[in-house]
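Structure, as C-alpha cells:
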Amino acid sequence: MAEAALDAVRRELREFPAAARELSVPPAVPYLDEAPTPLHFYRDWVCPNRPCIIRNALQHWPALRKWSFPYLRATVGSTEVSVAVTPDGYADAVRGDRFVMPAERRLPLNHVLDVLEGQARHPGVLYVQKQCSNLPTELPQLLPDLESHVPWASEALGKMPDAVNFWLGEAAAVTSLHKDHYENLYCVVSGEKRFLLHPPSDRPFIPYELYTPATYQLTEEDSFEIVDEEAMEKVPWIPLDPLAPDLARYPSYSQARALCCTVQAGEMLYLPALWFHHVQQSHGCIAVNYWYDMEYDLKYSYFQLLDSLTKASGLD
C-alpha cells in the first residue's frame, strides 16, 4: 500500500512539469521592445514568474557608450577588485565529490584587462563576479554611468535592490546550473551572455546531491589545489552539466525542457526568482545586474513543497 502511494506521488511529480509548461512556460523567452510600466511588469512577468528580454531599457545609460576597455583603464584601471580564479572557468561548481569555490585575488582592473587583451598572463581563468554589490563597493567611480536601481522594477516590487553587481571575464568563465532567491534584472553593456534556463517546475528532473565544500588555492608554482573548508556543512548543488548531461546517471533530465536565449549589448533579461540558470559569455563581456529579494509568499511555499516531495520520493 505504501509503495503504491509512493509510486503515485512519483508519477504525479513526473507529469507536473509538462502540465506547468503548458499553462505558464513560454516556448521561448519573449522580447519586449521597450521597458514595461510597473503595472505591466508586475502583472505580466513577476506574478506569473515568466522571463523576458527587454530592449531599449538601457539606452539612456552613458555606460552603453562609454564602457570600453580604454575607458575602464582611464577611470578605474588602478582600482583593485575581487577576482574569481579557477583552473577551468567553473566557479562554485561540482568537481568530483567536492563543491569547489574559486580562489579569490585582489588585482588591479588594469591587470584583468591586460589578460583579456592577451597582453599579460595569469594562471587559470579570471572572472570579476563578486556578488555582494561589488559595483558600488569596489567601483563607485562607474556609478554615474548608469542607474542605482531600475525605477519601474523598484516601483513594481516595492523595494530597492539588495545588490548591484559588476561582471567582467573571459569566455571560458561559466556559471554552473543553479537558482537564486532574487528577482534578477541582468543588463549586458558590452558583448553577449548566453543563458540556459529551466522553470522551477522542472525541479523533479533536476538532480541535487550533497557535497563537501572546498576552495581552489593557487600554489607558489601557479598550479591549483583543492582545499576543504573546515567546519562547514555539506552543500546541496546540481552535479549536472546541462550542455553535456550524463543521462546514464541522470536519465530524468532528458524530460526537462530548457529555454535558451542570448542577451545582447543594450538588452536586459528579467530572470524570475527560482528559475534555474546556466550562463556563458563572450570574451570580455561587461554586464551589470540588479538583485531584488523575492517575496517569500505562497509561490515560494509551493516551490518548497515541490522540492521536498522530489527529495522524499527519491527522484533526486
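The trypsin sites (Lys or Arg not before Pro) of region 130-227 meeting both criteria, a DSSP state outside H, G, I, E and B (loop) and at most 15 other C-beta atoms within 10 angstrom of the site's C-beta, are Lys159.
For region 1-52, GluC sites (Glu not before Pro) are listed when DSSP marks them as loop and at most 13 other Cβ atoms sit within 10 Å of their Cβ; the list is Glu34.
In order along region 116-132, phi translates into HN-Hα couplings of 4, 8, x, 8, 8, 10, 8, x, x, 10, 9, 8, 7, 8, 5, 9, 10 Hz, rounded to whole numbers, per the Karplus curve 6.51 cos²θ - 1.76 cosθ + 1.60 with θ = phi - 60° and x for Gly and Pro. Can you tell which of Gln280, Val81, Pro123 lies farthest toward the positive end of the dipole of the chain, using +1 and -1 charges on the Cβ of basic and acidic side chains (Lys, Arg; Asp, Glu)? With unit charges placed on the Cβ atoms, the residue in question is Gln280. Here the chain exposes an accessible surface that is 53 percent carbon and sulfur, computed with a 1.4 Å probe and the other protein chains kept in place.
Relative to one another, the C-alpha centroids of region 262-316 and region 196-241 are positioned 17 Å apart.
Entry comment: accessible area of the chain is 46 Å² per residue, from protein heavy atoms only and a probe of 1.4 Å. Taking 0.36 nm per residue of separation and subtracting the current Cα-Cα distance, fully stretching the chain between Glu230 and Lys159 would add 21.9 nm. Between Ser223 and Gln131, the FRET efficiency from the beta-carbon distance, with R0 = 41 Å, is close to 0.95. Note: region 188-251, Cα convex hull, 192 Å³ per residue. Lysine pair count for the chain with Cα-Cα distance under 29 Å and sequence separation of 8 or more or different chains is 19.
Counting only Cα atoms, region 33-88 measures 44, 32, 17 Å along its principal axes, largest extent leading. Calculated FRET efficiency, Tyr71 to Asp7, Cβ-Cβ distance, R0 = 51 Å: about 0.25 to the nearest 0.05.
Neighbours of Ala4, meaning other residues whose beta-carbon lies under 14 angstrom from its beta-carbon, give a summed charge of -1 when Lys and Arg score +1 and Asp and Glu score -1.
Could you calculate the FRET efficiency of Asp33 with Glu295 from 1/(1 + (r/R0)^6), where r is the beta carbon distance between them and R0 is 35 Å, rounded to 0.05? Plugging the Cβ-Cβ distance into 1/(1 + (r/R0)^6) gives 0.80.
For region 53-180, a Kirkwood radius taken over Cα pairs fed into Stokes-Einstein (4 °C, viscosity 1.567 mPa s) yields D = 80 µm²/s. Between the entries [x] 33, 27, 16; [y] 35, 31, 16; [z] 44, 21, 16, the label attached to semi-axes √(5λ) of the Cα gyration tensor in Å calculated for this structure is [x].
The values are calculated or read from the model by the stated rules, or taken from the named source; none is laboratory data. Because the structure is predicted, anything quoted here is derived from the model rather than measured. As a convention, Cβ positions derive from the backbone with ideal geometry for all residues, glycine included, and neighbour counts pool all protein chains shown. When the accessible area is computed, the model is the full protein with side chains, heavy atoms only, and any ligands, DNA or RNA have been set aside. Shrake-Rupley method; radii C 1.70, N 1.55, O 1.52, S 1.80 Å.
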